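Trainee: Okay, here's the structure, questions in a sec.
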Amino acid sequence: MKITGLKELGDSIKDMLIQKDYFKNNKKYNANLIDGNISSGYGYPIKAFEKFLGYYDSPNRVAYNPSISMSTNFSYCLSACKYNKNGKMDTVIVDGISDENYDKKAKYALDYFRNDFGIKGTFDFYIKRYRKYDRGKGMSESAAVAASVSRSLITNVFGNDADDILISKYARLVSGSGTRAVHNGISMWLSYPDMDLNYCTAVKISGMPEKLYYGIFPKFTNQKTDQAHRLAVKSEFYEPWIRNKYNFIEKYIERDFDLDLLLKRGIEDTLNLHSVLFSQGMILQTEESINLIKNIINFSSNNEGFYFSADTGPSIMILSPEKNLIEQFRENKRDEFIYGSNDFKEHEKNMGSFLKEAIDYFKN
């Protein structure tokens, strides 16, 4: 699909971010490569207010529109990275499994990274996800993986002082949403057609709102996110959906990313996203999640300040500045539910044992 005029709109948004002092580019770093060096990284998932679906430039992970999200802690991912000066091939292990799809995605991202900095050698990755649920779709696990992997890679090459803007730039090559997941709190990924890729990164807008309670109902479906990206751009509703986003993003910046506006928009954009996919015959929701959404809409019509959001899956997140509204809605619901919090240091309790596992793996 070709949508004209988005570069001009995107450049205007970039200029607004710079003028408002939201956008800062990364510092310059010199590689400090040590053969056999092992570094670590972590990442948490996100939930989008202003969503994206469909890539303008799929290999380089450039989206048709900027997107905005907040961090969640329904899970987290840990990554260990080892540099091999004379290595022949990069390797990737995720939850103890080697997969050709992981290898292909890693090769493209790592070749891109090596080319940018003139790096020789290979990298081994040992990655592990820690969930508070058995399984779910639309939980943004891929974003957490991307943020974790990029953090471990950048730390290995440039040291612990490397900034999150740089980490975010290379997280996008693993997962577009991972670009935002690098920043804890509310962040915005600046991405649009034909842009200067030096600006294709996420910036932190604010920390986590102190008076916002949230939780999620994990639901599962076998639908693939990559398929959703491919189908969305074929919809006749895709272009109007994208153009509408640019208008809202300007409003966000003008209003300094007002939380109430973001929460209300999150509901609208959830319904829009699923409508675009439905027009292409892709139904991400299940019978359970559709009934849940109906109940949420009925409840919110009588309770101001109650919101919901869903990404490319049937898992439904609810949010409110009033904790009692979360509790009231949950009454008599048998669906699995996980509370979220503003604790983004949970990964620290497992980092020691994880690194021991990774080191043992790298020795073999």
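Trainee: When the residues of region 137-158 are filtered to those that are in contact with a Gly (Cβ under 6 Å, 6 or more places away or on another chain) and not polar (S, T, N, Q), which remaining residue is surrounded by the most Cβ atoms within 10 Å (Cβ to Cβ)?
Mentor: The qualifying residue surrounded by the most Cβ atoms within 10 Å (Cβ to Cβ) is 147.
Trainee: As an exercise: evaluate residue 72 against (1) over 21 Å from residue 161 (Cβ atoms); (2) modelled with pLDDT under 95; (3) not charged (D, E, K, R) and give the number of the one condition it does not meet.
Mentor: (2)
Quick grid of which residues meet (1) of a type in the set (Val, Ile, Thr); (2) in contact (Cβ under 8 Å) with a residue 40 or more places away in the chain:
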{"site": "277", "(1), (2)": "no, yes"}
{"site": "293", "(1), (2)": "yes, no"}
{"site": "314", "(1), (2)": "no, yes"}
{"site": "342", "(1), (2)": "no, yes"}
{"site": "349", "(1), (2)": "no, no"}
{"site": "355", "(1), (2)": "no, yes"}
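Trainee: Please determine whether any residue of region 208-227 is at pLDDT 95 or above, surrounded by 15 or more Cβ atoms within 10 Å (Cβ to Cβ), more than 22 Å from residue 136 (Cβ to Cβ) and out of contact with any Pro (no Cβ under 9 Å at 6 or more places or on another chain).
Mentor: No, that holds for no residue.
Trainee: When only residues in region 23-62 that are touching a helix residue (DSSP H, G or I) at 6+ places or on another chain (Cβ under 7 Å) and of a type in the set (D, E, K, R) count, which is nearest to residue 249 (Cα to Cα)?
Mentor: My answer is 50.
Trainee: Would it be correct to say that residue 286 is closer than 20 Å to residue 337 by Cα, surrounded by 15 or more Cβ atoms within 10 Å (Cβ to Cβ), in contact (Cβ under 8 Å) with a residue 40 or more places away in the chain and out of contact with any strand residue (DSSP E or B) (no Cβ under 6 Å at 6 or more places or on another chain)?
Mentor: yes
Trainee: Which residue, of 11, 15, is without any contact (Cβ under 8 Å) to a residue 12 or more places away in the chain and either under 22 Å from the mean Cα position of the chain (by Cα) or not in a loop (DSSP other than H, G, I, E, B) (or both)?
Mentor: Every option except 15 fails the conditions.
Trainee: Those residues that are over 19 Å from residue 47 (Cα atoms) and of a type in the set (S, T, N, Q), I need them from region 309-355; list them, please.
Mentor: Once the filter is applied, which keeps residues that are over 19 Å from residue 47 (Cα atoms) and of a type in the set (S, T, N, Q), region 309-355 yields 324, 328, 332, 350, 353.
Trainee: Considering (1) within 12 Å of residue 335 (Cβ to Cβ); (2) of a type outside the set (A, V, I, L, M, F, W, C); (3) under 23 Å from the mean Cα position of the chain (by Cα), say which one residue 312 fails and leave the rest.
Mentor: All conditions are met except number (1).
Listed here are the residues, each with its yes/no results for (1) in contact with a Phe, Trp or Tyr (Cβ under 9 Å, 6 or more places away or on another chain); (2) at positive phi.
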| position | (1), (2) |
| --- | --- |
| 36 | yes, yes |
| 48 | no, no |
| 74 | yes, no |
| 101 | no, no |
| 105 | no, no |
| 145 | no, no |
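Trainee: Could you run through region 177-203 and say how many residues are under 20 Å from residue 115 (Cα atoms) and in a loop (DSSP other than H, G, I, E, B)?
Mentor: Total satisfying the criteria: 4.
Trainee: I'd like to verify a number: residues in region 80-112 that are part of a helix (DSSP H, G or I), under 28 Å from residue 353 (Cβ atoms) and touching a residue at least 12 places away in the same chain (Cβ under 8 Å), how many?
Mentor: Final tally of qualifying residues: 5.
Trainee: A further question on this structure: Among 134, 124, 116, 161, which is outside any loop (DSSP other than H, G, I, E, B), charged (D, E, K, R), surrounded by fewer than 21 Cβ atoms within 10 Å (Cβ to Cβ) and out of contact with any Cys (no Cβ under 8 Å at 6 or more places or on another chain)?
Mentor: 116
Trainee: Considering only region 55-79, state which residues are closer than 20 Å to residue 192 by Cα, assigned to a loop (DSSP other than H, G, I, E, B) and in contact with a strand residue (DSSP E or B) (Cβ under 7 Å, 6 or more places away or on another chain).
Mentor: The answer is 61, 64, 66.
Trainee: For region 38-61, state whether one or more residues are β-branched (Val, Ile, Thr), buried (at least 19 other Cβ atoms within 10 Å of the Cβ) and touching an Asp or Glu at 6+ places or on another chain (Cβ under 6 Å).
Mentor: no
The values are calculated or read from the model by the stated rules, or taken from the named source; none is laboratory data. Treat the numbers as computed from the prediction; the structure is a model and nothing was measured. We place every Cβ from the backbone using ideal geometry, glycine too, and count neighbours over all the protein chains shown.
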